[in-house]
Amino acid sequence: MVSHRCLQKTYSSQLPSLSVILIFMNEALSIIQRAITSIINRTPSRLLKEIILVDDFSSNGELKANLDEHIKLYNQKYPGLLKIVRHTKRQGLAQARNTGREAATAEVVAILDAHIEVNAGWAEPILARIQEDHTVIVSPVFDNIHFDTFELEKYALAVDGFNWELWCRYDSLPKAWIDLDDVTAPMKSPSIMGILAANRLFLGKIGSVDGGMLVYGGENVELSLRVWQCGGRIEVLPCSRIAHLERHHKPYALELTFAMRRNALRAAEIWMDEYKYMVYLAWNIPLQIKNSLNENDCLDRGPITGKTPIMYSCNEYSPQKVYYHLTGELYVGLIAEAVAEDNCLTDPGSGENPTLEPCSKAAQNGLHIYWDFKPVSCVLFKG
């Protein structure tokens, strides 16, 4: 599934060691086994130090003694390779990732979902890039496994972006990367999805994943904003591919809107300075300034008793006044997302509510026009 040019690349024999962290909650045991087996079979044993399973308080019975027995069997064949950490209460995806990182001992941590399968040669590009620059947080390229057939679908190369709701999305390839004419080169990315690899000490130094995020959604974007503003960078590596199992249902919650909105506002208040109002608008929330942050501090920990924010200097990298700026690569989302035709707020008559119609249609039908909305331009009041 990887480019033939990726297959031609060679790597140092002295790459850093790797801890793979698998996060799960009520995952099928067979799916976890597939993930473990793919990691063992497709990662050089000299590089793979450990596989750490983090159970975020599963209620599925087969993930108790049955899973422990499978871990025991794996460790009989690969002594000491598998470890498991179990939460005694459900803490959410972000905190589960932190639990895994804290338990890891290798130089590099790869924090993955448990419903994945790694491709051959997935680890070497990650370890080589982080060895070159320990401040880089990297993501593999994702492929898709269909849940009903387990058929593998190859996804096109893309970088990881986000919209104004701070929900992740795929974005087009950067022009600067295309101009390199090198399909093996790392791609600078605004954000990461949920799967990442990093130097373990660097990830800890910048605060790891924000454990104050509820359930999941937004924690990856918050981490991305923090990495870029605290001296790091984010890249997608075309030569590293991981297949993600498309799931029929989400185990954490059927309705994530509350958690997503709350997490997005938390990230915006912390990191987005004068641009945070865009996040409020995207969630249709009245503009309220809730935090007054000292520009020499940053905040990426959860609240302490009394909901007082924990603030601390940004680990000697850069202060909060290094603002989040919108560039061509980061300008994504619902506002000014694409060029569209003019729309006008019109009076359809007969006492009906005003409607938004294409201006050409409104003029043709003789409707009274109140406002004219022009893409990437001003809004005109027609009276």
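Any read-out appearing in this document is the output of simple, stated calculations on the displayed coordinates, not a laboratory observation. Remember, it's a predicted structure, so these values are computed and weren't measured experimentally. Using ideal geometry, Cβ is built from the backbone for each residue, glycine included, and neighbour counts are taken over all protein chains shown.
Computed quantities for the displayed model
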| quantity | calculated |
| --- | --- |
| Residue order, fewest to most surrounding Cβ atoms within 10 angstrom, among LEU166, LEU196, LEU82 | LEU82, LEU196, LEU166 |
| Ranked GLU255, GLU27, criterion: other C-beta atoms within 10 Å, fewest first | GLU255, GLU27 |
| Ranked packing of 9-18, 139-148, 182-191, most packed first, by mean Cβ within 10 Å | 182-191, 139-148, 9-18 |
| Distance in nm between pseudo-label sites at GLN8 and PHE147 (7 Å out along the Cβ direction from Cα) | 4.1 |
| Over 28 Å between alpha carbons, listed pairs LYS77/LYS188; LYS188/LYS250; LYS49/LYS205; LYS64/LYS250 | LYS77/LYS188; LYS188/LYS250 |
| Ratio Rg/Rh, restricted to segment 12-245 and using Cα atoms, in which Rh is the Kirkwood radius | 0.94 |
| Ranked TRP271, TRP177, criterion: other C-beta atoms within 10 Å, fewest first | TRP177, TRP271 |
| Between segment 59-128 and segment 1-48, the alpha-carbon center distance in angstrom | 12 |
| Ratio of Rg to Rh over segment 136-217 (Cα coordinates, Kirkwood Rh, two decimals) | 1.00 |
| Computed Kirkwood radius, in angstrom, where 1/r is averaged over Cα pairs of segment 63-174 | 17.3 |
